[in-house]
Amino acid sequence: MKGGNLRDSDRGIAVSGLRVLVAASEVVGFAKTGGLADVVGALPRALARRGHQVAIVMPYYSAIRRAGLPVEKTGVVLPVPLGDRVLACRLLRSRLPHANVPVYLVEHPPYFERDDGSGRGLYQQAMSGGYKSDYPDNAERFVFFSRAVLETVPHIGFTPDVIHANDWQTGLVPVYLNELYRSRAGYQRTRSVFTIHNIAYQGIFGREVMRLTNLPGWLFSPHLLEFHGYLNFLKAGIVAADAVNTVSPTYAREIQTPEFGCGLEGLLWQLRGKLSGIVNGVDYDQWDPGIDPHLAAKYTPDTVAKNKPACKADLQRKFSLPEDTTTPILGMVARLVSQKGIDLVLSAAPGFLDLGCQLVFLGDGDPEYHDELKGFQARHPDRVGLYLGFNEGIAHKIEAGSDLFLMPSRYEPCGLNQIYSLRYGTPPVVRSTGGLADTIVNATEENLSAGTATGFAFDAYTANALYETVKWALNLYRDRPDDFAQVVRTAMVQDWSWDRSAIEYEALYQKVSG
Ligand code: ADP
Ligand code: GLC
């Protein structure tokens, strides 16, 4: 599909389809470490609903085999060149649940059969002392995968108009398309879109990795793939893709500045003509308290006041906290990394206890945060609940059972948890940055009177600013219950479904392929 009347503009419905191949290193339901998986699991479904033909390609991790998902053989063996070797790997096929979207799985056990629950994950392994360390062969693993994406193209049953690559793990995909595949039949009209989900993770490796890529050596130059003497996969994707986007308009602006750009701000400023921001959507089939199977009681905007307390009591029981509906619960679900503002929460936490709150944390990440949270919980076992690890069910229970959701991120490209908490009627307390600034309307007096407030926001990255904002939120919660209920209701009726974001991706795909 190229240009033309893609959309029936009266109804905003796609009337003829684009063909899109989405490449990513994680997809929810198959393998997940964070929001990238949620996005890649949901956007293709929304695009398919709009009449587009979409397929996904990802590595075949052992987690997928263990999950017992329906996986079929395709009979295809891909030859994947890697330096002076050619690796043969099987292509398997599964499907996104409840959608006509095939998920192609690239099998190569030496690279991907290692996430095994014993501390070995998708990208990192646990070391002694609880530290996590990147696998030493990550460059090789994702050079291989990126090359395999291009080799998959002839076997997906359509010629893609767009290959949509995501984050550093697939940063080389647009480069391969331009440099090694463009002249081949079946690739000539294909364009590339590259999404930056988090610019702090760039995939930076020694220059010797160039040999593994089989790309021409001249690409290793500062205005192309080189970054201060190293090979940078994220930079490669940014330079080579026909369009680059990130996951909110504010983050798209922020990454053009030294404070947020992680060294790529100058490049992004230069390339701003092809850079845009599209806020992620939410998969309301997974994240809606009206149908969520993880909850003790289901609720809608009309039944929230009646039924949410049962979810709160369930959460208190789960974490062995005193069951008391009048005690406000502050909840947090996050990768425990500096991005998420855990240091602010830890500094402000004694103050939250003084304000009479219970706190509940779910997270996994840096061992120093694990230790500090463990220490804090041990000192206040009847006030603080803590689960260190990854647990989908508890994430849902915290969204529903808390009264406020904490997300004071240092930076946040989009953030999904705050959007989930809107739907769960658990107003988020956020720092105004990136997608948090784009999705939350602060409960100022003005916004409260206008009935537009959906959460609580602050600017300065300080524990005091966080504390004061929580205090203000608790003021409303305790002393102005009608206003708080109004915030809850306004939050719950926001529509951040993928359908709206999918329309923006559709326009971007059209623009590059038009
Ligand atoms: P990020 O991708 O930076 O981690 P997002 O807010 O975009 O942040 O997405 C995080 C996703 O990962 C959400 O779906 C959240 O529920 C989930 N998540 C994060 N940590 C955990 C955890 N420890 N257990 C379960 N789910 C988690
Ligand atoms: C990244 C970001 C997060 C975003 C997610 C999905 O992990 O940290 O803000 O929501 O990607 O795009």
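The values are calculated or read from the model by the stated rules, or taken from the named source; none is laboratory data. Keep in mind that what you see is a predicted model, and the values were worked out from it rather than measured. Every residue, glycine as well, gets a Cβ built from its backbone with ideal geometry; the counts of neighbours run over all protein chains shown.
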The lone condition Gly341 fails out of (1) surrounded by 17 or more Cβ atoms within 10 Å (Cβ to Cβ); (2) on the phi < 0 side of the Ramachandran plot; (3) not acidic (Asp, Glu) is (2)
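Look through Tyr131, Tyr187, Tyr181, Tyr176 and report the one residue that is of a type in the set (Ser, Thr, Tyr) and modelled with pLDDT under 95.
Values: Tyr187 fails: modelled with pLDDT under 95; Tyr181 fails: modelled with pLDDT under 95; Tyr176 fails: modelled with pLDDT under 95.
Among Tyr131, Tyr187, Tyr181, Tyr176, only Tyr131 is of a type in the set (Ser, Thr, Tyr) and modelled with pLDDT under 95.
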Scan the stretch 344-373 for residues that are farther than 20 Å from Glu392 by Cβ, buried (at least 23 other Cβ atoms within 10 Å of the Cβ) and within 14 Å of ligand 1 (Cβ to nearest atom) and jot them down. Tyr369
Report whether or not Gly365 is small (Gly, Ala, Ser) and within 16 Å of ligand 2 (Cβ to nearest atom). yes
Any residue in the stretch 45-60 that is under 19 Å from Arg147 (Cα atoms) sitting within a Cβ distance under 6 Å of a residue that is of a type in the set (Asp, Glu) and crowded, with 21+ Cβ neighbours inside 10 Å? List the pairs, counting only those 6 or more apart or interchain. Tyr60/Glu107
What is the number of the single condition among (1) crowded, with 23+ Cβ neighbours inside 10 Å; (2) in contact with a Phe, Trp or Tyr (Cβ under 7 Å, 6 or more places away or on another chain) that Ala23 does not meet? (2)
Here the qualifying pairs (Cβ atoms under 7 Å; residues six or more apart or on different chains; first in the stretch 29-41 and among the basic types (Lys, Arg); second buried (at least 23 other Cβ atoms within 10 Å of the Cβ)) come out as Lys32/Glu26
Out of the stretch 430-440, which residues are at negative phi and either free of Cβ contacts under 8 Å to residues at least 60 places away in the same chain or under 17 Å from the mean Cα position of the chain (by Cα) (or both)? Val430, Ser432, Thr433, Gly435, Leu436, Ala437, Asp438, Thr439, Ile440
Selected residue (criterion: nearest to the chain's Cα centre (by Cα)) from residues of the stretch 194-208 that are surrounded by fewer than 23 Cβ atoms within 10 Å (Cβ to Cβ) and among the hydrophobic types (A, V, I, L, M, F, W, C): Ala200
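Pull up the stretch 396-412, narrow it to residues that are out of contact with any strand residue (DSSP E or B) (no Cβ under 6 Å at 6 or more places or on another chain) and not acidic (Asp, Glu), then point me to the one that is nearest to ligand 1 (Cβ to nearest atom). Show your work before the answer.
Within the stretch 396-412, the first condition is being out of contact with any strand residue (DSSP E or B) (no Cβ under 6 Å at 6 or more places or on another chain), and the residues that meet it are 396-397, 399-401, 410-412.
Filter again for not acidic (Asp, Glu), leaving 396-397, 400-401, 410-411.
Numbers: His396: 8, Lys397: 11, Ala400: 12, Gly401: 14, Arg410: 11, Tyr411: 10 Å.
Within the stretch 396-412, the match that is nearest to ligand 1 (Cβ to nearest atom) is His396.
Regarding Thr250, is this residue within 16 Å of ligand 1 (Cβ to nearest atom), in the same structural domain as Leu150 (by TED's automatic domain parsing) and in contact with a Pro (Cβ under 9 Å, 6 or more places away or on another chain)? Reasoning before the result, please.
On the way: within 16 Å of ligand 1 (Cβ to nearest atom): yes; in the same structural domain as Leu150 (by TED's automatic domain parsing): yes; in contact with a Pro (Cβ under 9 Å, 6 or more places away or on another chain): no.
Against the criterion (within 16 Å of ligand 1 (Cβ to nearest atom), in the same structural domain as Leu150 (by TED's automatic domain parsing) and in contact with a Pro (Cβ under 9 Å, 6 or more places away or on another chain)), Thr250 does not qualify.
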Which one of Tyr467, Tyr420 is within 16 Å of ligand 1 (Cβ to nearest atom) and modelled with pLDDT of 95 or more? Tyr420
For residues that are away from ligand 1 (no atom under 16 Å from the Cβ) and either of a type outside the set (Ser, Thr, Tyr) or assigned to a helix (DSSP H, G or I) (or both), tally how many sit in the stretch 281-310. 14
Take the residues in the stretch 209-253 that are crowded, with 24+ Cβ neighbours inside 10 Å and part of a loop (DSSP other than H, G, I, E, B), then tell me which one is farthest from the chain's Cα centre (by Cα). Leu225
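Of everything in the stretch 332-373, what is of a type in the set (Phe, Trp, Tyr) and assigned to a helix (DSSP H, G or I)? Give them in sequence order.
Initial filter on the stretch 332-373 (of a type in the set (Phe, Trp, Tyr)): 352, 361, 369.
Residues satisfying the conditions are Phe352, Tyr369.
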Of all residues in the stretch 498-514, which are modelled with pLDDT of 95 or more and out of contact with any helix residue (DSSP H, G or I) (no Cβ under 8 Å at 6 or more places or on another chain)? Ile503, Glu504, Ala507, Leu508, Tyr509, Gln510, Lys511, Val512
For the stretch 411-438, which residues satisfy the criterion of being in contact with an Asp or Glu (Cβ under 7 Å, 6 or more places away or on another chain) and hydrophobic (A, V, I, L, M, F, W, C)? Leu416, Leu436
